[in-house]
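Trainee: Take this structure, written in structure tokens, and hold onto it; I'll ask about it next.
The values are calculated or read from the model by the stated rules, or taken from the named source; none is laboratory data. Nothing here was measured: the structure is a model prediction, and the numbers come from that model. Cβ coordinates were reconstructed from backbone atoms using ideal geometry, including for glycine residues, and neighbour counts include every protein chain displayed.
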2 protein chains.
Amino acid sequence: MNEISVNIFKALSDLNRLRILKALQSRVLCVCEIRELIGLANSTVSQHLSILKECGFILESKEGKWVNYMINPRPSDLRVSAILSSLDFWINDEDIIITDKKKVAGLDRKIICCS
Amino acid sequence: MNEISVNIFKALSDLNRLRILKALQSRVLCVCEIRELIGLANSTVSQHLSILKECGFILESKEGKWVNYMINPRPSDLRVSAILSSLDFWINDEDIIITDKKKVAGLDRKIICCS
DNA sequence: TTTATATTTCGGTATTAAACGAAATGATAT
DNA sequence: ATATCATTTCGTTTAATACCGAAATATAAA
């Protein structure tokens, strides 16, 4: 990855991307589930995910027709891993993120998708 | 300041602001000196400084007709102080920042200003 | 193979942020 | 008080980013 510092901060400079990172801290999510949580179009969510992926914050893995996204457990960039290993320190004061946390538990892709 | 996380990352998501932070790591600078280093208009530099100041990254102090800017030695936000106390860890891979470091030493407000 | 579902890519619009110069402000010196 | 210089604020233009819907792609099921 070898991202330059400004790109790392740019990736973190959008509230919706911070919401996604924090949601993925709870568990693996597919695009549909994230769209449901955040309330943006699928295509927009996909775009945000690709920015986070590009910097090494998250990984994707295919499972049938779904694409699962998860926090990268072993980022090559030390700054990215520093952020990820202390996510609660860096991101904790936005009301919406606290609300999201509760909602993530109730998300079920069997219900959300296929609609 | 009690800044929310996304604002902190937004403040860091511009290369010119990172350049300013790193330059202030070397020493206190006035707006003219920073304008000379970065190559932007005074008004633009002033705007960048106010964004960094708003988040608590830097402090200003007036000295005659000059306004000196410096790294905030005691930021109230833990995230801001975490960034500032490890600036070399967070910001170190942009070529221009390495170039800037050499130039800062040669800046002299007596020569730069008053022109 | 056709159909259905999930995701990504593309093209375009809307919002946000960066940049400038000019005018206004603040401070010092004449 | 007037002039000068550093800085900030204001109004505007330009560039970057966020967003959407439609079309394209990929996988799975019928």
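Trainee: Name the single residue that is surrounded by the most Cβ atoms within 10 Å (Cβ to Cβ) among those in segment A:51-88 being aromatic (F, W, Y) and within 12 Å of DNA strand C (Cβ to nearest atom).
Mentor: My answer is A:Y69.
Trainee: Considering each residue of segment B:63-115, count those that are farther than 21 Å from A:L12 by Cβ and among the aromatic types (F, W, Y), and give that number.
Mentor: 2
Trainee: How about segment B:1-50: which helices (runs of 4 or more DSSP H) wholly inside it have at least 1 residues that are near DNA strand C (Cβ under 10 Å from one of its atoms), in contact (Cβ under 8 Å) with a residue 12 or more places away in the chain and in contact with a Phe, Trp or Tyr (Cβ under 9 Å, 6 or more places away or on another chain)?
Mentor: B:5-11, B:15-26
Trainee: From B:L18, B:L78, B:L87, grab the single residue that is within 15 Å of DNA strand D (Cβ to nearest atom) and aliphatic (A, V, I, L, M).
Mentor: After ruling out the rest, the residue left standing is B:L18.
Trainee: Looking at segment B:60-82, is at least one residue without any contact (Cβ under 8 Å) to a residue 60 or more places away in the chain, within 14 Å of another protein chain (Cβ to nearest Cβ), within 12 Å of B:L24 (Cβ to Cβ) and not small (G, A, S)?
Mentor: Scanning segment B:60-82, I find no residue that is without any contact (Cβ under 8 Å) to a residue 60 or more places away in the chain, within 14 Å of another protein chain (Cβ to nearest Cβ), within 12 Å of B:L24 (Cβ to Cβ) and not small (G, A, S), so the answer is no.
Trainee: If you check every pair at least six apart or on different chains, which have Cβ atoms under 6 Å apart with a residue in segment B:95-115 that is within 14 Å of another protein chain (Cβ to nearest Cβ) first and a residue that is away from DNA strand C (no atom under 16 Å from the Cβ) second?
Mentor: From segment B:95-115, no pairs qualify.
Trainee: Return only the number of the condition from (1) more than 22 Å from A:I8 (Cβ to Cβ); (2) crowded, with 21+ Cβ neighbours inside 10 Å; (3) more than 10 Å from the chain's Cα centre (by Cα) that B:L40 does not satisfy.
Mentor: Condition not satisfied by B:L40: (2).
Trainee: Of a type in the set (D, E, K, R), at pLDDT below 95 and either more than 10 Å from DNA strand D (Cβ to nearest atom) or touching a Leu at 6+ places or on another chain (Cβ under 9 Å) (or both): does that describe B:D95?
Mentor: yes
Trainee: In segment A:56-74, what residues are more than 9 Å from the chain's Cα centre (by Cα) and part of a strand (DSSP E or B)?
Mentor: A:L59, A:E60, A:S61, A:K62, A:E63, A:W66, A:V67, A:N68
Trainee: Same structure, new question: Here are the criteria: (1) more than 14 Å from every other protein chain (Cβ to nearest Cβ); (2) more than 11 Å from DNA strand D (Cβ to nearest atom); (3) over 20 Å from B:D108 (Cα atoms). Tell me which single one B:S50 does not satisfy.
Mentor: (2)
Trainee: Name, by its number, the condition in (1) within 15 Å of DNA strand D (Cβ to nearest atom); (2) within 22 Å of A:D108 (Cβ to Cβ) that does not hold for A:L24.
Mentor: Against the list (1) within 15 Å of DNA strand D (Cβ to nearest atom); (2) within 22 Å of A:D108 (Cβ to Cβ), A:L24 comes up short only on (1).
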